[in-house]
1. Do we find a residue being over 30 Å from residue 233 (Cβ atoms), at pLDDT 85 or above and part of a strand (DSSP E or B) anywhere in region 7-16?
2. Examine region 230-241 for a residue that is in a strand (DSSP E or B) and free of Cβ contacts under 8 Å to residues at least 40 places away in the same chain, and state whether such a residue exists.
3. Quick one: would you say residue 33 is among the basic types (Lys, Arg) and modelled with pLDDT under 90?
4. Residues that are farther than 30 Å from residue 151 by Cβ and in contact with a His (Cβ under 6 Å, 6 or more places away or on another chain): does region 309-316 have at least one?
5. Are any of the residues in region 4-21 assigned by TED's automatic domain parsing to the domain that holds residue 72, out of contact with any helix residue (DSSP H, G or I) (no Cβ under 9 Å at 6 or more places or on another chain), within 23 Å of residue 271 (Cα to Cα) and surrounded by 13 or more Cβ atoms within 10 Å (Cβ to Cβ)?
6. Scan region 263-305 for residues that are of a type in the set (A, V, I, L, M) and outside any helix (DSSP H, G or I) and report the count.
7. Got at least one residue in region 299-309 being touching a helix residue (DSSP H, G or I) at 6+ places or on another chain (Cβ under 6 Å) and either surrounded by fewer than 16 Cβ atoms within 10 Å (Cβ to Cβ) or in contact (Cβ under 8 Å) with a residue 60 or more places away in the chain (or both)?
Amino acid sequence: MSRLTFLSERAFAVGEDLVAAWNALCDRVPDARFHHRPAWVAAVDRYRPEARTRVHAAFEGGRLVAVVPLGRPGVPGPDAPHGVRVGPAQDPSHFTDALVVPEWRTGVFVDGLLDHVRRVEGPCDVLRFPAVPADGALLQAVGEGGPGHVRRPAGAARVVDVSHPAWARRLSSRKLRNLDRLARRAERELGSLSLRTWRGLRGMDDGFDLFTTVEGAGWKGDWRHLSALGYRPRERRFYGEVLRGLAAHGEARVDALFAGGRPLAAHLALRGGDTWYLLKIGYDEQYRRWGPGGLLLRRFLDAMASDPSVGRVHLVTAPAWADRWHMDHQDVTDLWIRAPARASAVRSTLRSAAPSRTAVAPRAARVAAGS
C-alpha cells in the first residue's frame, strides 16, 4: 500500500470540497452507516454539550479513503488523567465508528491515525469509540495487526434481516399472531389502517412535525417524563437537522400509521447501505390498547421486505419490548485504542474506568405497550 496523508479540520469549518468527497466516500463504502455522513457529524458537533469535534480525513494519493471524527472530552477527571479523544455521538445509543474503505482497515491505518492525532492535537494516549458495531471498520482494523486495544461489551442492538426468505418465520409467531389480531380489531373500531411515508427535502419537515406531535401524545409527553422531542428543543433541532441533511441523499424517512385518517404511531428512520435504522418511535397514548407501535413496525417490516434494495431493519438499541419479537442480536463494543507510548499509564486508565455496558441500552426501561 502507498503512504497515507491526513488532513484535519474543525467540524464546523469543513469546506464544501471535503464535504462532497466525504459524501462520495459514504456512497462508495458498502457498509457506511448514517453516523458516517457529514450532516450527522456536523449536527452532533453543533448540539452536543462540548462541541469540540475535529474531523480527520485520510488520503491515498488524491483519493479520500477514511474519515474519523474525534471529540475532546471535557476536563479529565481522576479516572481519565491522560489524553483521550472520543468518537462523538449526540446520544450514548448512537454508533461511533470510523468510515474507512475496506482495503485500509488495517493496523497501518490505525497507527497512522494515532501519530497524526498526536501531531495535530498534542498528547493523546487513547482513542475511544464507545459504541462500535460488531462488523465495524475499526474492529476489523485493530484485528489486523493494529496497536494495543481493549474491547468491552457495550450491550447489543436488535436487527431483522428482511432479505431472508423466511424472515417473518424467524420472528415470534405468537407476537405476529397477536399483531394480526390487533390490526383486525383496530380496523373494525378505528377505520382502515394505512402507512404513510415522508421522504425527500420537500416533505421532511411536515413528517417530522407529525412525529413530534404523535410522540408528545404518548408516555414520553407525560409530565413525569417529558422526554419527547417537543419538550427538548435542543434535541428536536438536532434530529430535524439530521433528517434534512440525510434526506438530501435519500437516506431519511418518517413513517406514520393512520387509522381512519388519524395518526396512531410514527417513527424516524435513517439509511446506511442496505439497512434502515429506526432512531425513534412514538405513539398516541389514547390508542395504546391497539398496540400502535407494534402495528407500525410490522407494516414497516413488510414494506422493507418487499424492497430488494433493503437488507436489514436495525433498532440501533435493544429496547425491552423487542424481546417479545425474538429479533436477532448485533453485539456492540466499547473500543479503547492506546498509543504505544506510555502504555502502562494507559492500561491503568483503562482498568480504573468503569466498564461501559450500557452504551446502546435505552435510557428508560419502560416497556412501550404500543410496540
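1. Yes, the conditions are met somewhere in region 7-16.
2. Within region 230-241, none of the residues are in a strand (DSSP E or B) and free of Cβ contacts under 8 Å to residues at least 40 places away in the same chain.
3. Spelling it out, it is not the case that residue 33 is among the basic types (Lys, Arg) and modelled with pLDDT under 90.
4. Checked against the condition, which is being farther than 30 Å from residue 151 by Cβ and in contact with a His (Cβ under 6 Å, 6 or more places away or on another chain), region 309-316 yields no hits at all.
5. yes
6. 9
7. Restricting attention to region 299-309, the residues satisfying the condition of being touching a helix residue (DSSP H, G or I) at 6+ places or on another chain (Cβ under 6 Å) are none.
Checked region 299-309: no residue is touching a helix residue (DSSP H, G or I) at 6+ places or on another chain (Cβ under 6 Å) and either surrounded by fewer than 16 Cβ atoms within 10 Å (Cβ to Cβ) or in contact (Cβ under 8 Å) with a residue 60 or more places away in the chain (or both).
The rows are residues; the columns are (1) surrounded by 15 or more Cβ atoms within 10 Å (Cβ to Cβ); (2) out of contact with any strand residue (DSSP E or B) (no Cβ under 7 Å at 6 or more places or on another chain); (3) not basic (Lys, Arg).
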| site | (1), (2), (3) |
| --- | --- |
| 176 | yes, yes, yes |
| 184 | no, yes, no |
| 200 | no, yes, yes |
| 213 | yes, yes, yes |
| 227 | yes, yes, yes |
| 233 | no, yes, yes |
| 244 | yes, yes, no |
| 280 | yes, no, no |
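The values are calculated or read from the model by the stated rules, or taken from the named source; none is laboratory data. Just so it is clear, the model here is predicted, and its values are computed rather than measured. Cβ atoms come from the backbone with ideal geometry, glycine included; neighbour counts cover every protein chain shown.
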